[in-house]
Amino acid sequence: MASVLESAPIVLTGLGVVSAAGRGLDATEATLRAGRSCLGPLTRFPSPRNGHHRVGEVAQEWIADPAEPRTRALARLALADALDDARLEARTRRIALVLGTCTGGMPETEEAIESQLAGRGFPERVWSEHPCGATTHALAEDFGLRGPRFTISTACSSGAQALVIGRDVLLAGLADAVVAGGADALCRLTLNGFASLFATDPKGCRPFDVERDGMSLGEGAAFCVLEREDVALERGARIHVELAGAGNTCDAFHPTAPEPDGRGAEAAMRAALRDAGSTVDAVDYVNAHGTGTPGNDQAEGRALARLFGTRIPPVSSVKAIFGHTLGAAGAIEAIVCSLGLARGFLPGTSGLTRFDPDCEVEPLTETVTASPRFVLSNSFGFGGNNTVLALRRRDA
Amino acid sequence: MATIVRAVECDFPVFGYAASGAGAEGLVRDRVVSLLPVGSGARGGGRLPRVAYQLAQRASKGHTLRGGTGVVFGTAFGCLTETESFVSHMIREREATPKPRAFSSSVHNAIASFVALKLNARGECQTFVHGELSFAQALFAAVLAHRRSGESYWVGALDELPAHTFRALEQGVRGTSAAHEGGAVLFGGGSEDVSEAVAGSRLVRIELGRTQDVPAWFAGSDAKPELVLHAGPPAPEADFGSEPGCPVFHAPPDHPSSLATRTALALSILDGESSATLVGLSTRPSRLAVLGTTADGDAALFELRGFGA
């Protein structure tokens, strides 16, 4: 039986993000503070749905090589920025890479199957991009990351789950540092898939609104550099926040719909608090999953109301700002929370004009200046795969 | 405050296992599940989810299940049948009438989520999608989760080979390593008294890294395994240097989830259900290792012991 070696906090020392709000922490913060929705018409590829759906597209100007698989290109931007922000020289340390993604090389797979159906055979380049791990390997090679590589896919909680696995990799002593996050590009499969479930709102998503009618898809990537606090301090790293805890549960209820009372979501939040050695009284803010679908927002609201009782902290959803970036969302929102903790604000819920009382919890509508010390970030995926991160300000 | 542990040493009891497809031939019939799932209990899911559910049922047969039980799975390619079905239909119909069922069943985590749904497992539910090392990553996550929670876990990996993929293989397209399909599921962890287990083994060590790490994993070990079952590109001995210091039984992967079926075979040999001669040993071993290496340079090692060892 293994022995416990020591205890130490895990901290985030580098952050990188790209989304419809732009590239980098400052652009993201400015958009959040302005409460500006970045949703717009779909232009990325031809589709009968062009003009009928509002999506969060990453501006093409950021993409250095348009021929590179889109998910990988997005991940490359965020990964480079996270390493740069951490001032971490990849080749001098054993750094692991953990990628969370839903679709991986799906745009290329669509192209491969289309080619096959047209009798042109499978183009090798595109088919070899289908496995999600191909993105991880390509990035690790390009950035000279010598530690183990992990790829995880738990639907819309993938990005948050990547941070949890990253923490495990550090705790197990498998690497000196970990770059963990998520990436997903818009593609026809998800656009048509969510439309087939009547889960997209043509007017753009309106989380917790009484007239909400679904999500808006987005694309993007975010990565965080994770280190043991003692290792980070020793090298003089700047510490953004502490990853204080995490909770994972499964609804075991339905392939796509959340359990209506949010029992699984509540259990995940309780698990994250327990893991962080904290209580509901310490929570200053909850970043809701808040997709804007009728079922998710109501279930999540009920879970929050039951967990916090009469003392509900500020809650908001940023899905109408970035769009729902699927496998990237949990990581992007971990960065949103980190920015709020480190720079002193709580984002509002863009798209919300008239609160739905059936959701039980009334979210913030406007971004406010605040001094949060301890926050939760919720990410819930298809299949009831729930992940909650607990993040703490360094001086708290 | 997080707890730092070394995952390389662990104590994860395995109470049951089952396998499917290529690589399952060495197991006794009761531990093999068809890749053509049957039975009303498996209704509602895609092909791989239904096979996974039947494998999980078989692996935990005879054990009391709790609501906190977790499901951790791996798959290199995911639910390709449903992915191909959805995308093909979408293209043929020019995106007019996409199929919702195929979409929701196409996501990689549909396999683990279906098992959790059918078996009411409300603990951690994770899906690793890292090629031929997906099972190793699932096992790693389950070991650490077990350490935190003391709960039981189904851990497995599955991959399939539907029409488009098969045609791609026929064309020799890179990215799919073998023209077979299959996988395995094991049931382990928990806080039960392992001495009461009627069969099974325990995982005592797990390593994850790169192929250049492999020699260090074997160097300095006091108690060498009696045999290393290796799944990966041929001639790993060149990478071992003078290690591992014990025989290596090498066989190329049957499919992307071969590490899972190879682990099931190791458990079966340790249990005495399968003959040790299948891997070139003359007597039943008490300590086996399973090594996975990939063309991408990933590597994983599990060390397993029989309960009596």
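Tell me which residues, restricted to segment B:286-304, are crowded, with 21+ Cβ neighbours inside 10 Å and touching a strand residue (DSSP E or B) at 6+ places or on another chain (Cβ under 6 Å).
The answer is B:LEU288, B:ALA289, B:VAL290, B:LEU291, B:GLY292, B:THR293, B:ALA299, B:ALA300, B:LEU301, B:PHE302, B:GLU303, B:LEU304.
May I ask you to list pairs of residues, at least six apart or on different chains, whose Cβ atoms are under 9 Å apart, with the first in segment B:83-112 being on the phi > 0 side of the Ramachandran plot and the second being among the charged types (D, E, K, R)?
That search, which allows pairs on different chains as well, returns B:GLU95/A:ARG49; B:GLU95/A:ARG188.
May I ask you to list the residues in segment B:115-139 that are more than 7 Å from every other protein chain (Cβ to nearest Cβ) and within 28 Å of B:ASP296 (Cβ to Cβ)?
Result: B:VAL115, B:GLU132, B:LEU133, B:SER134, B:PHE135, B:ALA136, B:ALA138, B:LEU139.
Pick out the one residue from A:THR31, A:THR13, A:THR71, A:THR101 that is within 14 Å of chain B (Cβ to nearest Cβ), farther than 30 Å from B:PHE12 by Cβ and modelled with pLDDT of 95 or more.
The conditions single out A:THR71.
Tell me, which helices (runs of 4 or more DSSP H) wholly within segment B:37-116 include 1 or more residues that are among the β-branched types (Val, Ile, Thr) and surrounded by fewer than 24 Cβ atoms within 10 Å (Cβ to Cβ)?
Answer list for segment B:37-116: B:80-92.
Just one of A:ILE312, A:ILE321 is more than 14 Å from chain B (Cβ to nearest Cβ) and not in a loop (DSSP other than H, G, I, E, B); which is it? Can you show your working first?
Values: A:ILE312 fails: not in a loop (DSSP other than H, G, I, E, B).
Residue meeting the stated conditions: A:ILE321.
Output the residues belonging to segment A:42-61 that are surrounded by fewer than 16 Cβ atoms within 10 Å (Cβ to Cβ) and either outside the structural domain of A:SER216 (by TED's automatic domain parsing) or of a type in the set (Gly, Ala, Ser) (or both). Give the derivation first.
So the first thing to find is which residues in segment A:42-61 are surrounded by fewer than 16 Cβ atoms within 10 Å (Cβ to Cβ), and the list is A:43, A:45-46, A:48, A:50-52, A:59-61.
Selection gives A:GLY51, A:ALA59.
Considering (1) out of contact with any Cys (no Cβ under 9 Å at 6 or more places or on another chain); (2) buried (at least 24 other Cβ atoms within 10 Å of the Cβ), say which one B:CYS125 fails and leave the rest.
(1)
Give me a count of the residues in segment A:166-207 that are of a type outside the set (Phe, Trp, Tyr), over 30 Å from A:ALA244 (Cβ atoms), within 13 Å of chain B (Cβ to nearest Cβ) and out of contact with any Gly (no Cβ under 7 Å at 6 or more places or on another chain).
10
Checking A:VAL231 against (1) touching a residue at least 24 places away in the same chain (Cβ under 8 Å); (2) part of a loop (DSSP other than H, G, I, E, B), only one condition comes out false. Which one?
(2)
Enumerate the helices (runs of 4 or more DSSP H) found wholly within segment B:173-271, keeping only those where 2 or more residues are modelled with pLDDT of 90 or more. Spell out how you get there, then give the answer.
Working: elements: B:214-218, B:237-240, B:258-271.
By residue number, B:258-271.
Could you grab me the full set of residues in segment A:334-353 that are part of a helix (DSSP H, G or I) and more than 16 Å from A:PHE374 (Cβ to Cβ)? Steps first, please.
Our first condition is that a residue be part of a helix (DSSP H, G or I); within segment A:334-353, this holds for A:334-343.
Across segment A:334-353, the qualifying residue is only A:ILE335.
Out of segment A:107-133, which residues are at positive phi and more than 7 Å from chain B (Cβ to nearest Cβ)? Lay out the reasoning, then the answer.
Keep residues of segment A:107-133 that are at positive phi, which gives A:119, A:121.
The answer is A:GLY119, and nothing else.
Out of segment A:338-396, which residues are over 21 Å from A:ALA160 (Cβ atoms), touching a helix residue (DSSP H, G or I) at 6+ places or on another chain (Cβ under 7 Å) and either polar (S, T, N, Q) or not assigned by TED's automatic domain parsing to the domain that holds A:SER316 (or both)?
If the condition is that a residue be over 21 Å from A:ALA160 (Cβ atoms), touching a helix residue (DSSP H, G or I) at 6+ places or on another chain (Cβ under 7 Å) and either polar (S, T, N, Q) or not assigned by TED's automatic domain parsing to the domain that holds A:SER316 (or both), then A:THR367 is the only one that fits.
Restricting to segment A:22-53, name every residue that is of a type in the set (Lys, Arg), touching a residue at least 60 places away in the same chain (Cβ under 8 Å) and outside any loop (DSSP other than H, G, I, E, B).
If the condition is that a residue be of a type in the set (Lys, Arg), touching a residue at least 60 places away in the same chain (Cβ under 8 Å) and outside any loop (DSSP other than H, G, I, E, B), then A:ARG33 is the only one that fits.
Any residue at all in segment A:66-75 that is assigned to a loop (DSSP other than H, G, I, E, B) and under 30 Å from B:ARG147 (Cβ atoms)?
Looking through segment A:66-75, none of the residues is assigned to a loop (DSSP other than H, G, I, E, B) and under 30 Å from B:ARG147 (Cβ atoms).
Taking segment A:54-108 as the search range and keeping residues that are of a type in the set (D, E, K, R) and free of Cβ contacts under 8 Å to residues at least 24 places away in the same chain, which one is farthest from A:PHE143 (Cα to Cα)? Full working, then the answer.
Quick first cut of segment A:54-108, residues of a type in the set (D, E, K, R) only: A:54, A:57, A:61, A:65, A:68, A:70, A:72, A:76, A:81, A:84-85, A:87, A:89, A:91, A:93-94, A:108.
Restricting the remaining residues to those that are free of Cβ contacts under 8 Å to residues at least 24 places away in the same chain gives A:61, A:65, A:68, A:89.
Working: A:GLU61: 22, A:ASP65: 16, A:GLU68: 16, A:GLU89: 10 Å.
Applying the filter and picking the extreme gives A:GLU61.
Residue-by-condition table, conditions (1) outside any loop (DSSP other than H, G, I, E, B); (2) on the phi > 0 side of the Ramachandran plot:
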site	(1), (2)
A:THR135	yes, no
A:LEU139	yes, no
A:ASP142	yes, no
A:GLY147	no, no
A:PHE150	yes, no
A:VAL164	yes, no
A:LEU191	yes, no
A:PHE198	no, yes
A:ARG212	no, no
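In segment A:218-255, what count of residues is obtained for those that are surrounded by 24 or more Cβ atoms within 10 Å (Cβ to Cβ), within 13 Å of chain B (Cβ to nearest Cβ) and either of a type outside the set (A, V, I, L, M) or in contact with a Phe, Trp or Tyr (Cβ under 9 Å, 6 or more places away or on another chain) (or both)?
8
Quickly run through segment A:259-297 and pick out the residues that are acidic (Asp, Glu) and touching a strand residue (DSSP E or B) at 6+ places or on another chain (Cβ under 6 Å).
First, pick out the residues of segment A:259-297 that are acidic (Asp, Glu): A:259, A:261, A:266, A:275, A:281, A:284, A:297.
Of everything in segment A:259-297, those that are acidic (Asp, Glu) and touching a strand residue (DSSP E or B) at 6+ places or on another chain (Cβ under 6 Å) turn out to be A:ASP275, A:ASP284.
The values are calculated or read from the model by the stated rules, or taken from the named source; none is laboratory data. No experiment lies behind these values; they were computed from the predicted model shown. Every residue, glycine among them, receives a Cβ derived from its backbone with ideal geometry; neighbour counts consider all protein chains shown.
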